[in-house]
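Some notes on the structure that comes next.
The values are calculated or read from the model by the stated rules, or taken from the named source; none is laboratory data. All values derive from a computational prediction rather than experimental measurement. A quick note on method: Cβ atoms are made from the backbone with ideal geometry, for glycine too, and the neighbour counts reach across all protein chains shown.
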Amino acid sequence: MRLKIFLASLAVVILWGVFARARSAPITAGPIKLYSVDQKRYIMSEKIVKSDEEWKKELTPEQYHVMREQGTERAFTGEYWNNHEKGVYRCAACGNDLFKSDTKFESGTGWPSFYKPVAKENVGTESDDSYFMKRTEVHCAKCGAHLGHIFPDGPEPTGLRYCINSASLKFNKK
Ligand code: FE
């Protein structure tokens, strides 16, 4: 009997974890002001809205899982957690400038970690209560792609840790 109750509770917990997964608010078409690292100024751009089918065709299965289904790559497996080259990390889905190498730091987590984005306009955030954690989800402001999460245990000057999946990034060496 106790086992039955335990198993039923476990099922509820697992289902809740799955269904409570926050998805980014669907991005709506329209103009957006973004910072361009190459041009060193703000530029007007258009948000990118595509169907799941279209994204599936353009992205690798891993990129699709991370960027469109809020997935997380396994720690220490991504392309960039140990990358120390100078350059810009752009959105792997749309090319939007996201992070500069000089804001990347050693977090020891196995995911590329930054203390701030290129500009606050270039990313969006959403509260994410999945898996019984209060977390802040971060996504690309131009195409809505899920990037990772923000935690309040980063270094100065912001005290924030942007914990980002390599799968969501495309690095361009300076
Ligand atoms: Fe993007």
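Checked against (1) touching a helix residue (DSSP H, G or I) at 6+ places or on another chain (Cβ under 8 Å); (2) modelled with pLDDT of 95 or more, residue 174 passes all but condition (2). Could we say that residue 79 is over 30 Å from residue 54 (Cα atoms), in contact with a strand residue (DSSP E or B) (Cβ under 9 Å, 6 or more places away or on another chain) and at pLDDT 95 or above here? No. Scanning segment 127-147 for residues that are within 16 Å of the ligand (Cβ to nearest atom) and surrounded by fewer than 16 Cβ atoms within 10 Å (Cβ to Cβ) turns up nothing.
Only residues that are touching a residue at least 24 places away in the same chain (Cβ under 8 Å) and surrounded by fewer than 19 Cβ atoms within 10 Å (Cβ to Cβ) were counted across segment 75-87, and they come to 8. Screening residue 157 with (1) surrounded by fewer than 14 Cβ atoms within 10 Å (Cβ to Cβ); (2) touching a strand residue (DSSP E or B) at 6+ places or on another chain (Cβ under 7 Å); (3) not acidic (Asp, Glu) gives one miss only, at (2).
Of everything listed in (1) modelled with pLDDT under 95; (2) over 23 Å from residue 99 (Cα atoms), the single unmet condition for residue 50 is (1).
Taking the criterion of being within 20 Å of residue 167 (Cβ to Cβ) and either among the aliphatic types (A, V, I, L, M) or modelled with pLDDT under 95 (or both), would at least one residue in segment 102-111 satisfy it? No - not one qualifying residue is present in segment 102-111.
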